[in-house]
Amino acid sequence: MSNLKQHGNLRINADRLWSRHMEMAKIGAIPGDGNCRLAMSAEDAEARSLFASWCHAAGMSLQVDAAGNMFALRPGSNPTLPPIAAGSHLDTQPHGGRFDGISGVLAALEVVETLNDAGIETEAPIAVINWTNEEGVRFGPGLMGSSWFVGNITDEGLAAIQDAEGTSFIAEAATRGWCGLQAAGAFPMGAFFELHIEQGPQLEALGDQVGIVTSVQGLKWLDVVVTGMDGHAGTTPLDHRHDALLIAARMLVALNETGRAFGQDARVSVGRLTTATDGPSTIVGEAQLVIDLRHPNAKVLSQLADECEAICRAIAAEAGCGISVSERISIAPKHFNQSCIDALASAAQELGFQHSEIASGALHDACNIADVTPTAMVFVPCRDGISHNVREYASREDLAAGTSVLLQAMLAKAGLAGSEKVAA
């Protein structure tokens, strides 16, 4: 829209955005400049209250649904149009950082505050969203709030969710004051954007301030159980053993080699390896592992899974051990809306930020929301690609660049009051 061009030099308040990050980081602070704010903990409730106070100060109304998702709304000149929304999550990992998720919520808030400062009225309303329990640490699964919002978790499923101590999520949300009455999917959106730190090293290596996220790679989890025979470590000769842990260790090495053979886009990991016994003088009779497989191409992901399963079976057979392999999770690669991608890319180009297109290696709430409304993401670099770690860091300058891109993309979608139409 031509009259948006006059706002091409509109920039966010980088100092305010940074100070918001540092103020939020005081809640649930842990040594090393990290944060621990598990979903619906006292710390999460405090962070939500602080965020709500900022939203109210910015003139927004606040809605909360039955999963605790928070929707702050800035009116537009045409209330019949669905809001153009942005956001992420405020909960963290147990040893998390100050930026993962938080930056997306605070960037969206900064968009509203910048529009307020400039006296700009949009045609469509603007919304800032905090999705509940993205991390899935205290209550499983992850992406919980957005999964319920789009219907991947039923009301009954939500009511059944408990933490390890048996505390009901719904009961805890009510106790904390963050269990609303709004039904799943009741908050309409004309488009959704999510700013996030990359959580990887690619942007930093390229020297880009902004990444335009075109897709999220697919995911498969394979559960592998290796069955050998329990034995005495002191009396059983090495050539008479069926050591399930040893065979699992061989699999780990072979799986890593397989992932490397599939190229730079492949991800093969084993983050969980457990044994049926843990005695220091016992030969392990059973070992279990979970293989985490990721790739942006669905066909290649399927081939990778088949190859990893075949390799595990071959290693077990050679060692005379039993094996079972089952698929626990399969999530297809997600491709974001081209119009939203273009809005972000055009904004980055017009603002003069060095940028590149990138696929996300991690799942995000945007993956769910993309099923119900046009969606895209913008990444900013994080130092050394580190995330889910107290050392997680994104610079003031990069956060400001990504938020400025978010601002212009949301303006392009929301349109200006008095314009002939809202951008498609």
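The values are calculated or read from the model by the stated rules, or taken from the named source; none is laboratory data. Owing to the predicted nature of the structure, the values given are computational and were not obtained by experimental measurement. Don't worry about glycine lacking a Cβ; one is built from the backbone with ideal geometry, like all the others, and counts go over all protein chains shown.
Quick notes
- When Val325 is tested against (1) touching a residue at least 12 places away in the same chain (Cβ under 8 Å); (2) more than 30 Å from Asp239 (Cα to Cα), exactly one condition is not met: (2).
- Any chance Ala345 is under 19 Å from Ala298 (Cα atoms) and small (Gly, Ala, Ser): no
- Long-range neighbours under 8 Å by Cβ, at least six apart or interchain, first residue assigned by TED's automatic domain parsing to the domain that holds Ile291 within the stretch 260-275, second of a type in the set (Ser, Thr, Tyr): Val268/Thr258
- Boolean, Gly76 is among the small types (Gly, Ala, Ser), assigned by TED's automatic domain parsing to the domain that holds Pro125 and under 28 Å from Arg396 (Cβ atoms): no
Rundown of residues vs (1) assigned to a helix (DSSP H, G or I); (2) within 22 Å of Val216 (Cα to Cα); (3) in contact with a Ser or Thr (Cβ under 9 Å, 6 or more places away or on another chain), yes/no style:
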site: Ser324; (1), (2), (3): no, no, yes
site: Asp342; (1), (2), (3): yes, yes, no
site: Ala366; (1), (2), (3): yes, yes, yes
site: Phe379; (1), (2), (3): no, yes, yes
site: His388; (1), (2), (3): no, yes, yes
site: Glu397; (1), (2), (3): yes, no, no
site: Gly402; (1), (2), (3): yes, yes, yes
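- Lone unmet requirement of (1) outside the structural domain of Ile197 (by TED's automatic domain parsing); (2) aliphatic (A, V, I, L, M); (3) surrounded by fewer than 16 Cβ atoms within 10 Å (Cβ to Cβ) for Ile291: (3)
- Filtering the stretch 148-162 to residues that are farther than 20 Å from Cys36 by Cα and either surrounded by fewer than 24 Cβ atoms within 10 Å (Cβ to Cβ) or outside the structural domain of Asn78 (by TED's automatic domain parsing) (or both) leaves Val150, Gly151, Asn152, Ile153, Thr154, Asp155, Glu156, Gly157, Leu158, Ala159, Ala160, Ile161.
- Whichever residue in the stretch 230-256 is surrounded by 12 or more Cβ atoms within 10 Å (Cβ to Cβ) and charged (D, E, K, R) and, among such residues, is nearest to Gln217 (Cα to Cα): Arg250
- Scan of the stretch 105-135 for residues that are among the small types (Gly, Ala, Ser), surrounded by 22 or more Cβ atoms within 10 Å (Cβ to Cβ) and closer than 17 Å to Arg11 by Cα, ordered by number: Ala107, Ala108
- Among the residues of the stretch 274-298, those identified as within 23 Å of the chain's Cα centre (by Cα) and either modelled with pLDDT of 95 or more or assigned to a strand (DSSP E or B) (or both) are Val290, Ile291, Asp292, Leu293, Arg294, His295.
- Only one of the numbered conditions (1) assigned by TED's automatic domain parsing to the domain that holds Gln202; (2) out of contact with any helix residue (DSSP H, G or I) (no Cβ under 6 Å at 6 or more places or on another chain); (3) among the aliphatic types (A, V, I, L, M) is not met by Ala314, and that is (1).
- Residues being part of a loop (DSSP other than H, G, I, E, B) and either under 30 Å from Glu123 (Cβ atoms) or polar (S, T, N, Q) (or both) - total across the stretch 156-209: 13
- For the stretch 223-262, taking the residues that are aliphatic (A, V, I, L, M) and touching a Ser or Thr at 6+ places or on another chain (Cβ under 7 Å), the one that is nearest to Asp342 (Cα to Cα) is identified as Val225.
- Exactly one residue among Gly76, Gly59, Gly68 is in a loop (DSSP other than H, G, I, E, B), in contact with a Cys (Cβ under 8 Å, 6 or more places away or on another chain) and either surrounded by fewer than 23 Cβ atoms within 10 Å (Cβ to Cβ) or at pLDDT 95 or above (or both), and that residue is Gly68.
- Checking each residue in the stretch 211-267 for being among the basic types (Lys, Arg), farther than 14 Å from Asp292 by Cα and not in a helix (DSSP H, G or I) picks out only Arg241.
- Taking residues in the stretch 364-387 that are under 22 Å from Leu407 (Cα atoms) and surrounded by 18 or more Cβ atoms within 10 Å (Cβ to Cβ), and partners anywhere that are charged (D, E, K, R) and modelled with pLDDT under 95, the pairs with Cβ atoms closer than 6 Å and at least 6 places apart or on different chains are Cys367/Lys334; Ala370/Lys334.
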